[in-house]
Structures are given as structure tokens and as C-alpha cells.
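Enquirer: Below is a structure I'd like to ask you about.
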Amino acid sequence: MLRIPFVDLLGQYNSIKPEIDKAIEKVIGETAFIGGRYVKEFEEAFATLYGVKHVISCANGTDSLYIIMKMLGIGQGDEVITVANSWISSSETITQTGAKPVFIDIDPVYGSINEKKIEEKITAHTKAIIAVHLQGQMCAIDDVKRICEKHHIHLIEDCAQSHLSSMNGIKAGLRGIASSFSFYPGKNLGAYGDAGCIITNNDELANQFRMFANHGALKKHHHLIEGINSRLDGLQAAILSAKLPYLQSWTESRISNAGLYNKYLSGVSEIRIPEVRPDCVHTFHLYMIRAQRRDELMSFLKQKGIDTAVHYPTALPNLPAYAYLSHKPSDFPEATTAQNEILSLPMYPELSEEQIKYVSDSIYAFYQTTN
Ligand SMILES: *Cc1c(COP(=O)(O)O)cnc(C)c1O
């Protein structure tokens, strides 16, 4: 029996061990733990990759969303729209500012925000939309952007799951006023701890983001406002810089691994494989299927040595954390259906064809033997 973990961070480390070890050693040797040249070097490299004027690194991909909204002046009395199925960062940061999260149901095919349902939720209080690009595939961002322009509200992109994803040749993160990235270890570009950043082309906002993330000061002891402490540390920055040159080829491996899953799973009628939007590059942070009898399939695969995961088992408005909003599961029928059917299969660049075939054959066997 093969043993297939959901992600294989050790495998990736071993493939570039000398570079990572050297990067870590340099930071420690220079005691460049907070701030300093490694942080600056990573910000510059990421800015070059994205062709943006500003990269503001911070502690994680949750703070980055919070910092963006705070500096856009979002707070008490405001509403911010986001998607019903995402990681809770996409909505808890709205609440953190004092504003109210307004959820939109998902698109039944792609699982991202249903752009056709957005306008009916816009009110005089709506200040922004957080467009989340889930699984590695962009939401209908051009439509969302048009809606934002029409109603004079801010577009913020949550790119935590969509490094290098694109639509019509334009990368995720380049359409919003500011966009948020996470470098959580399991993300397509991951640090060895928490890390995140904001990208923007807006000079004034860039300054404010940087100031707010550093106790409200751009110069030590010159606190123009009260801020927070949200920094990328030197070790994480150096690790990210060492990994960044591999991001493109790792992404290509993910895409070709997804192609292999598609091929080996094509005969299984009880599941739906992920669909790629026209004109989109899906970077497969997750390879998410929709499966009949999902929970049974999950435990069957576990017995076969295969780890899978659910992103996410409860749609945001159905969580106890949002009971105070008094939503009913039937208010979000697509997200509520999806939460019981979605299943993320092991997906990483280091996955071999043999492993993908084993996972696929096991799924096939489940429906053969248990029908
Ligand atoms: C991972 C993730 C975040 C948060 O990132 P952290 O770095 O873990 O704080 C935000 N939004 C989405 C969609 C994510 O997947």
C-alpha cells in the first residue's frame, strides 16, 4: 500500500535543501531577524514577479486583509461583501474592522462567488467586495470589477490560494485596489511559518499599509497613528526568496498533475472533476472534486493510506461564529450543498504519476465495491 499525505512539505524541502539551509544560515549569521535586507529583497522580487509598484509584507494572509480594509477606512456601520464558502479569514477580518460581512452564495460549477447574486446584496452601506480566488482559480473577476465600478465600491482580491493564477493573461491580484497574499506553509508559495503580503499600485495606500503594519510609524518612534505589529520576519523572507524562483515550475507541475487526475478519474461517473474557466490559468492550489457519499469515500481512502481534506466542511454563514447574523442554510443553497460534497485530493508538485493513479484507482474501487 502506498502512503500519500495531503501535502508533502518535507519532500519539497529535501528537493532544495542546500539553498534553504544557506538562506537560513545567512539570516542567523547576520542576525537579520526583523526587517532588514532579506525582507526588502523578497518584497522586491515579488513586486518584479507581479509587475507592481508596491509589495508590503506582513505577518500572514489574514492581517493583510485587515490592514487593507482598515486603511480604506472601512469600519463600524459599513458592509463588505464576500463569498459564502472560503477560509474564515475572508470574513472575520471584515468583522475585525467593525463592519458587517455580507455573504454571497457560490457558483455551482466553479465554487467561487456567484457574480450574478452580488448586486442584490449591495446597499448604501456597502464599501467593498473581497473577491476570493479559491482553489487556484479566479472568480469571475472582470464582472465583479464592473459591479464595483458601477457602485463605487472598492475591489479587494484575496489571492491566498491563487499565486500566479490568471484570467485573460492578467494575474490574480492586479485588478483590485489592493490584494492580499498568504504564504502559509501549505500555500503554493509557502514559508516555514506564518507570512503574507499586500500588493498595490497605489502609492498613498502603500504608505498607509506599511505604516499601519508597523505600529503606525514609517520612521521609528514617529507614530502618526496607532497601528498593529504585523511583520514578515527575516527567516521567512529569506526562505520565500529561495523558493520564489521555483514557483513557476512548481505551478506547471501542479497543472500537469491535475491533468493526470482528470485523465485517470474520467471514468468515474459518481464524481465531478474540477472545471477550468475559459481563459483562465487554474494553478491548482487544491484539486477539488465533488463526490457522492463524500464522507464514506474519505474514510475509504484513509484506509488506503490516502489523506484528503475538505475546504471547507461548513460554509461560512452556517458556522456557529455567524449565528448572530441569523442566516439559514437554505439562504445559501449552493454553498450548503457543496459543503457535503467537496473533497480535496492530495495535490503538490512532487506528486508522482504512480501516486495519482493509485489515488484515482482507489476512488474508482470505492464506487465499484460499495455500490
Ligand atoms: C490561507 C487563506 C487565508 C489566510 O492566510 P493566513 O496566512 O493563514 O492568515 C485567507 N484567505 C484564504 C482564502 C486562504 O486560503
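The values are calculated or read from the model by the stated rules, or taken from the named source; none is laboratory data. Quick caveat, the model's predicted, so the values are computed rather than measured. No Cβ is skipped: glycine too gets one built from the backbone with ideal geometry, and neighbour counts run over all protein chains shown.
Enquirer: Can we say P18 is assigned to a helix (DSSP H, G or I) and either surrounded by fewer than 16 Cβ atoms within 10 Å (Cβ to Cβ) or over 22 Å from the mean Cα position of the chain (by Cα) (or both)? Break it down into steps so the answer makes sense when it comes.
Expert: Details: assigned to a helix (DSSP H, G or I): yes; either surrounded by fewer than 16 Cβ atoms within 10 Å (Cβ to Cβ) or over 22 Å from the mean Cα position of the chain (by Cα) (or both): yes.
Yes: the conditions hold for P18.
Enquirer: So which strands (runs of 3 or more DSSP E) are wholly in segment 125-211 and hold at least 3 residues that are touching a Leu at 6+ places or on another chain (Cβ under 7 Å) and surrounded by 23 or more Cβ atoms within 10 Å (Cβ to Cβ)?
Expert: On the way: elements: 126-132, 154-158, 178-182, 196-200.
Passing ranges, in order: 126-132.
Enquirer: Exactly one of (1) β-branched (V, I, T); (2) assigned to a helix (DSSP H, G or I); (3) touching a Phe, Trp or Tyr at 6+ places or on another chain (Cβ under 9 Å) is unmet by I56. Its number?
Expert: (2)
Enquirer: Restricting to segment 354-371, count the residues that are without any contact (Cβ under 8 Å) to a residue 24 or more places away in the chain and within 17 Å of G259 (Cα to Cα).
Expert: 0
Enquirer: Condition first: of a type in the set (V, I, T) and within 12 Å of the ligand (Cβ to nearest atom). Now tell me which residues in segment 166-197 satisfy that.
Expert: Going residue by residue through segment 166-197, those that are of a type in the set (V, I, T) are 170, 177.
If the condition is that a residue be of a type in the set (V, I, T) and within 12 Å of the ligand (Cβ to nearest atom), then no residue fits.
Enquirer: So which helices (runs of 4 or more DSSP H) are wholly in segment 271-371 and hold at least 3 residues that are loosely packed, with under 14 Cβ neighbours inside 10 Å? I'd like the intermediate steps shown before the answer.
Expert: Values: elements: 294-303, 333-339, 353-370.
Fully inside segment 271-371 and qualifying: 294-303, 353-370.
Enquirer: Take segment 56-70 and flag every residue that is surrounded by 24 or more Cβ atoms within 10 Å (Cβ to Cβ) and more than 14 Å from the ligand (Cβ to nearest atom).
Expert: The answer is I56, and nothing else.
Enquirer: Does segment 82-97 contain at least one residue that is among the charged types (D, E, K, R) and assigned to a strand (DSSP E or B)? Give the steps one after another, and end with the answer.
Expert: Step one: filter segment 82-97 for residues among the charged types (D, E, K, R), giving 92.
Add one more test, that the residue is assigned to a strand (DSSP E or B), and what stays is none.
There is no residue in segment 82-97 that is among the charged types (D, E, K, R) and assigned to a strand (DSSP E or B).
Enquirer: Quick one: would you say R254 is buried (at least 16 other Cβ atoms within 10 Å of the Cβ) and free of Cβ contacts under 8 Å to residues at least 60 places away in the same chain?
Expert: Spelling it out, it is not the case that R254 is buried (at least 16 other Cβ atoms within 10 Å of the Cβ) and free of Cβ contacts under 8 Å to residues at least 60 places away in the same chain.
Enquirer: For a quick check of your reading of the model, give me the residue pairs whose first member lies in segment 76-101 and is on the phi > 0 side of the Ramachandran plot, whose second is at pLDDT 95 or above, with beta-carbon atoms closer than 6 Å and at least 6 apart or on different chains.
Expert: So the pair list comes out as G98/G75; G98/Q76.
Enquirer: From (1) within 11 Å of the ligand (Cβ to nearest atom); (2) not in a helix (DSSP H, G or I), pick out the condition that doesn't hold for V102.
Expert: (1)
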